[in-house]
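A short write-up of the structure that comes next.
The values are calculated or read from the model by the stated rules, or taken from the named source; none is laboratory data. This one's a predicted model, so the numbers in the text were calculated from it and none came from an experiment. Glycine gets a Cβ as well: all are built from the backbone with ideal geometry, and neighbour counts include every protein chain shown. For accessibility, only protein heavy atoms count, side chains too; no ligands or nucleic acids. Shrake-Rupley method; radii C 1.70, N 1.55, O 1.52, S 1.80 Å.
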Amino acid sequence: MNETPMRVYAEIDLDAVRDNVRALRARAPRSELMAVVKSNAYGHGAVQCARAAQEAGAAWLGTATPEEALALREAGIRGRIMCWLWTPGGPWREAVEAGLDVSVSGMWALDEVRAAARAAGRPARIQLKADTGLGRNGCQPADWAELVGAAVAAQAEGTVQVTGVWSHFACADEPGHPSIRLQLDAFRDMLAYAEKEGVDPEVRHIANSPATLTLPETHFDLVRTGIAVYGVSPSPELGTPAQLGLRPAMTLKASLALVKTVPAGHGVSYGHHYVTESETHLALVPAGYADGIPRNASGRGPVLVAGKVRHAAGRIAMDQFVVDLGEDLAEAGDEAVVFGDAERGEPTAEDWAQAAGTIAYEIVTRIGGRVPRVYLGG
């Protein structure tokens, strides 16, 4: 537990990360598991969560950018690491020398990674990404033959080793969405073509967190789990974390900065969108949108203070917001839980997502750098 009073801090339970990885591995027992630790492990701390995930049996780690993956190597993280969000002129040679698996979605990327492999004097490990319908990164079916042919030729010349073929779902978090079947069929077709042309991938993968939890036919050799590793449900339609066998790893806490009595008719925060109906006690939570608390949740964001869940009174400001305690009492220094685990009676990241009109992924990921992380179970 944290013993030093802090304005606001995120408590990260690494045992929850380990338990979640084990639970997800049990959902896909015939597949390896990749723990995605991009964006500082969705706000939880990339290095700490990477280590915890590996301890629980994650065979792969995944990041979006090569810089994130290289930072893991710099921190001493070994094992397989894949990164997929590249732009021209990226650190290809550094990635090759660090033994990363890099994603290739088009000819420009294959050309750059081949040049980097020649400069490094060793083959690059590449994974070919197929755009099966998401419409973001990945190679379109019309261009697949060219990319596969060039990758097979590059492998024959010794500049690359094709270690994987992969894709990403658009709507796996929407049970029964017709695009799921269409994408899975497209992936199977594009994979079959690549294998017919001589690609012998070590791993084939398309399943993200929701597919890992609900679509066993999509698991192939590897599942890529991101938000579920941190105990957040990918979608309310799929169930709560507890229903999915997961435990939230992040609890955002703050120490009340002030509690005071104000009269009826007193405006609260910018714009006076909240005005007290009677004499009441106001508590000041010293965290705001500079810390990642979404301003869009003004007037609605839930907080556990003095044993009850209350809501932000008025606008959430850059550094602070207010809750109305009514007749209840609290003191400066008392704990406020912004979000945590519903099983402990705390508001959740999903509650804040609903209040802000967004998704729980954004709530945990946006918690800013000036919020210290305090690790439990390290």
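Have a look at E335, E327, E331 and point out the one that is within 24 Å of R370 (Cβ to Cβ), open to solvent by 20 Å² or more (accessible area, probe 1.4 Å) and touching a strand residue (DSSP E or B) at 6+ places or on another chain (Cβ under 8 Å). Testing whether each residue is within 24 Å of R370 (Cβ to Cβ), open to solvent by 20 Å² or more (accessible area, probe 1.4 Å) and touching a strand residue (DSSP E or B) at 6+ places or on another chain (Cβ under 8 Å) leaves just E335.
All of D291, D341, D351 fail the test of being within 30 Å of A56 (Cβ to Cβ), open to solvent by 40 Å² or more (accessible area, probe 1.4 Å) and within 21 Å of the chain's Cα centre (by Cα), apart from D351.
A search for C-beta distances below 9 Å between a residue of region 322-338 that is in contact (Cβ under 8 Å) with a residue 60 or more places away in the chain and any residue that is open to solvent by 60 Å² or more (accessible area, probe 1.4 Å) and not aliphatic (A, V, I, L, M), counting only pairs 6+ apart in sequence or on different chains, returns L325/K308; G333/P5; V337/R344.
If you go through region 215-244 and keep only what is part of a loop (DSSP other than H, G, I, E, B), surrounded by 21 or more Cβ atoms within 10 Å (Cβ to Cβ), touching a strand residue (DSSP E or B) at 6+ places or on another chain (Cβ under 6 Å) and not small (G, A, S), you end up with H219, F220.
Taking R315 as the residue in question, decide whether it is open to solvent by 10 Å² or more (accessible area, probe 1.4 Å), over 26 Å from P210 (Cα atoms) and more than 24 Å from the chain's Cα centre (by Cα).
yes
Comparison of R300, R247 shows that the only residue that is closer than 14 Å to G340 by Cβ, open to solvent by 10 Å² or more (accessible area, probe 1.4 Å) and assigned to a loop (DSSP other than H, G, I, E, B) is R247. Yes or no: region 202-209 includes at least one residue that is farther than 25 Å from V229 by Cβ, without any contact (Cβ under 8 Å) to a residue 60 or more places away in the chain, among the polar types (S, T, N, Q) and open to solvent by 10 Å² or more (accessible area, probe 1.4 Å). No, region 202-209 contains no residue that is farther than 25 Å from V229 by Cβ, without any contact (Cβ under 8 Å) to a residue 60 or more places away in the chain, among the polar types (S, T, N, Q) and open to solvent by 10 Å² or more (accessible area, probe 1.4 Å).
Might you check whether a residue that is part of a strand (DSSP E or B), farther than 22 Å from E362 by Cα and in contact (Cβ under 8 Å) with a residue 60 or more places away in the chain occurs anywhere in region 35-47?
Going through region 35-47, the residues part of a strand (DSSP E or B) turn out to be 35-36.
Filter again for farther than 22 Å from E362 by Cα, leaving none.
No - not one qualifying residue is present in region 35-47.
For T358, work out the one condition from (1) β-branched (V, I, T); (2) assigned to a loop (DSSP other than H, G, I, E, B); (3) surrounded by 20 or more Cβ atoms within 10 Å (Cβ to Cβ) it doesn't fulfil. Unmet for T358, out of (1) β-branched (V, I, T); (2) assigned to a loop (DSSP other than H, G, I, E, B); (3) surrounded by 20 or more Cβ atoms within 10 Å (Cβ to Cβ): (3).
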